Every structure is written in C-alpha cells, then in structure tokens.
Amino acid sequence: MLYPESDTVKALRRRLESFMDRHVYPNEERFYKEAEELGPWKVYPVVEELKPKARAEGLWNLFLPDSEHGAGLTNLEYAPLCEIMGRSHLAPELFNCSAPDTGNMEVLARYGTKEQQERWLKPLLEGEIRSCFAMTEPAVASSDATNIESSIVGDGDHYVVNGRKWYTTNATDPRCRICIFMGKTDPNNPDRYRQQSMILVPMDTPGVEVLRPIPVFGFYGVPDRASEVIFKNVRVPASNMLLGEGRGFEIAQGRLGPGRIHHCMRLIGLAERTLEKMCRRTASRVAFGKPVSEQTVTQERIAQARIMIEQARLLTLNAAHAMDTVGNKVAKAEIAMIKVAVPNMACQIVDWAIQAHGGGGTSNDFGLTAAYATARLLRLADGPDEVHRNQIARLELKKYRN
C-alpha cells in the first residue's frame with residue numbers, strides 16, 4: 001500500500017465495520033422512513049438509539065486530532081475510517097462525526113476562548129447538542145464570500161447581527177443550539193478579506209428565525225437539513241466574537257480545509273457502496289437472454305467506476321498526507337483538486353448505478369437518489385467546482401511566471 005494503515009487504524013477499522021454491519025445497514029430503511037415521515041424539524045429516534053451504542057464501543061469523535069477529546073488521529077489515519085462512515089447517510093452522526101458539527105467543533109477547539117469551549121464545545125463533543133454554520137446568502141453570489149452582506153455591528157459590550165442566510169445546514173434540527181455566523185464588521189476596509197468576522201449566535205436569541213427547511217432534490221432532512229434563517233437585530237455579547245474582528249476569512253480557511261477533505265472521504269465510501277449495489281443488481285437481473293452484468297456496456301462502466309474510485313482515493317490520501325505534513329495552507333492545491341475530482345466521480349458512478357437499476361433506480365428504494373443528491377450538492381457546498389478550478393489554474397500558472 002502506498003499509505004499503509006497503522007495498527008491503531010486497522011483495529012478501529014475492524015470495530016467500525018462491525019458496527020456498520022450490526023447496527024447501521026440493518027437500520028437504513030427505518031432511518032429514511034423516519035426522515036420522510038417526521039420531516040426536518042424532528043429528531044429521528046433511530047439516531048438517538050444508536051449514538052450511545054457507538055460511544056460505548058469507543059467509536060466517538062474519531063475526526064478530532066486532539067486526543068484529549070477525540071481519537072488523536074491524523075487526517076491520513078482518519079481517511080479510511082471516514083470512508084467507511086460515508087457508506088451510509090445514517091452513519092456519521094452516530095459517531096459524532098457529521099457536518100457541520102465537525103467543522104464547528106474544530107473552529108471552537110482551535111479559535112474559541114475557554115469560556116466558549118466550556119459552553120459550546122463541550123456539549124457538542126458529548127453529542128448533547130448540534131450546531132449550524134451560517135455563511136451562504138440568497139441575495140448574493142456566495143461562491144465569492146467577499147460578497148456577503150450580513151452585518152455584525154458593535155454596540156457597547158454587544159454586537160448587533162443582521163442578515164438572511166440559507167443552506168445553513170442543521171438549523172431546523174431541534175437540538176441545534178449554536179450558530180457560527182459570518183458577516184461584515186468593517187465593510188469599508190480596503191482589504192476585502194479583512195471585512196468579515198465570525199461570531200457565535202445562540203439559536204434561542206431573540207431575532208433568530210429559522211424560516212424554512214430547503215429540500216435538496218426533494219429530500220428534506222436527508223442528505224442535508226438545509227435551512228433558511230433570518231437574523232434580525234440579534235444582540236449577542238461582544239465576548240461571542242471568534243478570534244477578533246476582521247478574521248472571518250482566516251477562520252473560514254481553517255475550517256473549510258478539513259471540512260472539504262472529510263466530505264471527499266465520505267463520498268469515496270458512498271461511491272464504493274454504490275458500485276457494490278450496481279454489481280449485485282446487474283448480476284441478478286437478466287435482459288436479452290443473459291445477466292445484465294455480462295453486457296459489455298455494464299462491464300465497461302463497472303471497470304471505469306473502479307478506476308475512478310481508486311484515482312479519487314489516492315488523490316484524497318495524498319491531500320490528507322499533505323495537510324498533515326505541510327499544513328492546510330500549503331496543501332491548498334491538493335485540497336482544491338479533490339474537491340473537484342471526488343464529487344464529479346461520485347455523481348458519475350451514482351448515475352451509472354441508477355441506469356443499471358432501471359426505473360427502480362429513480363426511486364429511493366435502493367438509496368441511489370439520495371446518494372446522487374449528496375454527490376451533486378457537494379459540487380457546490382464548500383465552494384463550487386469553478387472556484388476550485390480557478391484556484392488550481394492560478395497556482396499552476398504561478399509556476400511559470402518570471
């Protein structure tokens with residue numbers, strides 16, 4: 001193996017795979033049913049039943065490099081474990097490793113004060129509450145985050161927050177207690193990357209209104225509790241500011257690097273699971289006198305899917321290794337490359353699997369439409385393909401400037 005796994009990772013992998021076999025896969029149908037029947041405003045009982053079991057088996061906060069609160073794994077060590085969790089929409093939250101909580105916990109661990117960590121990080125690490133991240137806005141092209149119009153205005157020992165956000169993941173979850181909000185504290189600063197700040201906004205603060213859940217390809221709650229939220233004259237203590245005024249972009253870059261690679265790790269697992277479904281389905285169905293798996297077009301797609309998954313995995317492991325060894329900032333090209341390559345890979349493989357399943361593939365009886373929704377939204381979330389491609393091109397061209 002190019003990136004051999006340590007004994008610690010091998011042991012965690014075995015335990016994680018066992019848990020998936022015993023508790024996750026058998027409960028997926030129930031999970032989708034609860035999500036559909038209860039909707040995005042409710043807690044799904046199956047999740048709450050399984051979380052204590054995962055914690056009891058020591059499969060908790062595996063994402064967190066800090067060994068005091070997490071497993072103390074590097075990005076490279078976490079990658080194969082995150083891939084396993086990505087095989088099911090049900091899995092990540094059971095292990096307290098789901099977005100946006102992972103990114104928010106990392107922000108609080110890295111940039112939060114002791115008081116902020118005690119009030120918000122601790123219950124998040126315990127899985128007692130959930131959180132959301134409010135950055136994207138409906139009124140502007142948020143692919144350029146300097147466009148953000150929401151305001152954070154100082155008023156004595158408080159800040160007043162105003163803005164309209166959407167695709168604020170998790171806001172409809174009744175356990176969501178805290179929001180990390182990005183807005184402008186200094187809109188006239190000539191440095192466009194020093195205009196923004198991030199501040200902690202408790203969700204029960206007057207003026208915070210979760211307006212509606214937003215469906216992703218018709219799915220409410222799975223694969224994402226996307227939400228639209230209004231912040232109207234929301235007053236929060238000045239002590240809720242993260243790191244200091246004008247440092248929002250700095251925090252965003254620190255947060256989005258790990259978030260992007262976690263998404264890609266999970267998507268590789270989803271693509272593996274999808275390829276498995278395609279192989280099993282085509283081997284069991286007969287068309288025109290022979291199994292669909294013996295049709296040349298099917299074999300070509302299966303072969304190409306295997307190649308694409310392996311390419312994506314190696315690219316992702318390389319990015320994880322770079323993040324661990326030279327840091328997120330230096331590894332920005334590697335992170336940008338996987339953020340383009342992996343969601344596009346997953347989209348294509350899920351599309352082929354839907355085709356192989358026939359009409360049934362367009363329902364969610366096989367979990368393929370939810371899988372496609374996840375893969376497709378990740379060509380936009382944490383920065384669209386176009387932005388990452390532009391960054392990759394600029395970094396490439398920079399090599400040849402005199």
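Every number in this text was worked out from the coordinates using simple rules, so none of it is lab data. This one's a predicted model, so the numbers in the text were calculated from it and none came from an experiment. We place every Cβ from the backbone using ideal geometry, glycine too, and count neighbours over all the protein chains shown.
Count Lys and Arg as plus one, Asp and Glu as minus one, and take only other residues whose Cβ is under 12 Å from that of residue 193; the net charge is then 0. Karplus-based coupling profile of the stretch 276-284, in residue order and whole Hz: 4, 4, 5, 5, 5, 5, 5, 6, 9, with θ = phi - 60° in 6.51 cos²θ - 1.76 cosθ + 1.60 and x standing for Gly or Pro. The helix-only estimate of mean residue ellipticity at 222 nm for the chain, built from DSSP H runs of length n ≥ 4 each weighted as -39500 (n - 2.57), is -15000 deg cm²/dmol after division by the residue total.
Given +1 at the Cβ of Lys and Arg, -1 at the Cβ of Asp and Glu and no other charges, the dipole of the stretch 116-199 around its Cα centre is 180 debye to the nearest 20. Pair-distance distribution of the stretch 117-178: all C-alpha pairs, bin width 10 Å, starting at 0; shares per bin in whole percent are 20, 35, 37, 8.
Could you compute the FRET efficiency for residue 22 and residue 365, with r as their C-beta to C-beta distance and R0 at 25 Å, rounded to 0.05? E(calc), rounded to 0.05, equals 0.65. Loop-located chymotrypsin sites (Phe, Trp or Tyr not before Pro) in the stretch 184-289 (DSSP state not H, G, I, E or B) with no more than 16 neighbouring Cβ atoms inside 10 Å: 217, 288.
Among beta bridges from DSSP that stay inside the chain, the antiparallel ones total about 80%.
Taking every C-alpha pair closer than 8 Å and separated by at least 6 residues, the mean separation divided by the residue count of the chain gives a relative contact order of 14 percent. Given that compact globular proteins tend to follow 2.2 N^0.38 Å, what is the ratio of the alpha-carbon Rg of the stretch 249-398 to that value? Here the Cα radius of gyration is 1.17 times the empirical estimate. Free of any trypsin sites (Lys or Arg not before Pro) that DSSP assigns to a loop and that have at most 16 other C-beta atoms within 10 Å, the longest stretch within the chain is 43-174. With contacts taken as Cα pairs under 8 Å at a separation of at least 6 residues, the stretch 146-222 carries a relative contact order of 27 percent. Taking θ as phi - 60° and the Karplus parameters 6.51, -1.76 and 1.60, the scalar couplings of the stretch 105-110 work out to 5, 5, 4, 5, 5, 8 Hz in sequence order, x denoting glycine and proline.
Taking 8 Å as the Cα distance limit and 6 or more residues as the minimum spacing, I'd like the relative contact order of the stretch 249-398 as a percentage. Could the numbers behind the result be given before it?
Working: 151 pairs, mean separation 42.3, N = 150.
Computed over the stretch 249-398, the figure is 28 percent.
Working note: Cα gyration tensor of the chain, eigenvalues times five, square-rooted, sorted largest first, giving semi-axes of 35, 24, 21 Å.
Farthest towards the positive end of the charge dipole of the chain, among the residues 56, 11, 397, is the Cα of 397, using unit charges on the Cβ of Lys, Arg, Asp and Glu. Converting the Cα gyration tensor eigenvalues of the stretch 7-112 into ellipsoid dimensions via √(5λ) gives semi-axes, longest first, of 24, 18, 11 Å. Between the listed residues 127, 190, 288, the Cα displaced farthest toward the positive end of the dipole of the chain, a dipole computed from Cβ unit charges relative to the Cα centre, is found at 288.
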